1. Out of the stretch 14-45, which residues are surrounded by fewer than 12 Cβ atoms within 10 Å (Cβ to Cβ), among the small types (Gly, Ala, Ser) and either within 15 Å of the chain's Cα centre (by Cα) or closer than 16 Å to residue 72 by Cβ (or both)?
2. Do we have any residue at all in the stretch 22-31 that's modelled with pLDDT of 90 or more, in a helix (DSSP H, G or I) and acidic (Asp, Glu)?
3. Does the stretch 54-71 contain at least one residue that is assigned to a helix (DSSP H, G or I), farther than 22 Å from residue 81 by Cβ and among the polar types (S, T, N, Q)?
4. Just give me the residues in the stretch 32-53 being of a type in the set (A, V, I, L, M, F, W, C) and part of a helix (DSSP H, G or I), in sequence order.
5. (1) hydrophobic (A, V, I, L, M, F, W, C); (2) within 13 Å of the chain's Cα centre (by Cα); (3) surrounded by fewer than 13 Cβ atoms within 10 Å (Cβ to Cβ): which one isn't true of residue 72, the others all being true?
6. Pick from 2, 66: which is at pLDDT below 95 and exposed (fewer than 10 other Cβ atoms within 10 Å of the Cβ)?
7. Within the stretch 39-53, is even one residue without any contact (Cβ under 8 Å) to a residue 24 or more places away in the chain, on the phi > 0 side of the Ramachandran plot and not aromatic (Phe, Trp, Tyr)?
Amino acid sequence: MKQQKITELTDEELLQEAKKIKSSNLYDALILGVLIGIAIYSTVTNGFGLLTFLPVIYIPIATKNKKNNKALEIRIKERNLNY
């Protein structure tokens, strides 16, 4: 299923997506924290290797999620919706 653009969403759909923002931010922070922990542990035990740079791979994904969430929040404010 193709994801709709934020501008095409109805007010109800925007509010449903807004509820997902908080959990999405929490999951991104949790995943990044775990990856950093794995990288530190791997570096200390085995020296530099593939797992050392694992968090760098996830940073673009987290950045994209943050950008989408910010656009959603802006659209909600434009429509004067409360969530």
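The values are calculated or read from the model by the stated rules, or taken from the named source; none is laboratory data. Because the structure is a prediction, the values reported are computed rather than measured. Because the Cβ atoms are built from the backbone with ideal geometry, glycine has one as well, and the counts that use them run over all protein chains shown.
1. Correct list: 23, 29, 33.
2. Yes: one or more hits.
3. Checking the stretch 54-71: at least one residue is assigned to a helix (DSSP H, G or I), farther than 22 Å from residue 81 by Cβ and among the polar types (S, T, N, Q).
4. Within the stretch 32-53, 32, 34, 35, 36, 38, 39, 40, 44, 50, 51, 53 qualify.
5. (3)
6. It is 2.
7. For the stretch 39-53, residues without any contact (Cβ under 8 Å) to a residue 24 or more places away in the chain, on the phi > 0 side of the Ramachandran plot and not aromatic (Phe, Trp, Tyr): present.
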